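In what follows, a structure is listed as structure tokens, so that the remarks can point back to it.
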Amino acid sequence: MPRDRNGEFKTVLFEPHQRCDNWLEEMIINMYAKGLSARDIAETIEKMYDTKYSASSVSNLTDVALEELNK
């Protein structure tokens, strides 16, 4: 997230303190549900969006999603 000297920067793309778009999270969960590994998902995101997304981040996200489903 960009910062400015006075701390007044506001973006319309993300909610405050949001680290990832919801659509990206949903896409990750869908790929995981179809059997892709966390590493495969991270590599796919990197190829599609030219941005690094670690396998551990993917794994953490899917773990949280599974916890929510099991409640």
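Taking R0 as 22 Å, what FRET efficiency do you get between TYR49 and ASN22 from their Cβ-Cβ distance, rounded to the nearest 0.05?
0.90
Classify the range 22-70: rounded, prolate or oblate, from the alpha-carbon gyration tensor (a ≥ b ≥ c, eigenvalue square roots; a/c under 1.5 rounded; otherwise prolate if a/b is larger than b/c)?
In terms of gyration-tensor shape, prolate.
How would you rank GLU46, GLU67, going from fewest to most other Cβ atoms within 10 Å of each one's own Cβ?
Least to most surrounded, the residues fall as GLU67, GLU46.
If each residue's Cβ is checked for other Cβ atoms within 10 Å, how do ARG39, ARG5 rank with the fewest at the top?
If I rank by nearby Cβ atoms, fewest first, I get ARG5, ARG39.
Go through the range 26-38 residue by residue and turn each phi into a ³J(HN,Hα) via Karplus (6.51, -1.76, 1.60, θ = phi - 60°); whole Hz please, and just put x for glycine and proline.
4, 5, 4, 5, 5, 5, 5, 5, 7, x, 6, 6, 4
Values quoted throughout were computed directly from the atomic coordinates according to the rules given, and no laboratory measurement underlies them. The structure displayed is predicted, hence computed values, not measured ones. Glycine also receives a Cβ, built like all others from the backbone with ideal geometry; neighbour counts cover every protein chain displayed.
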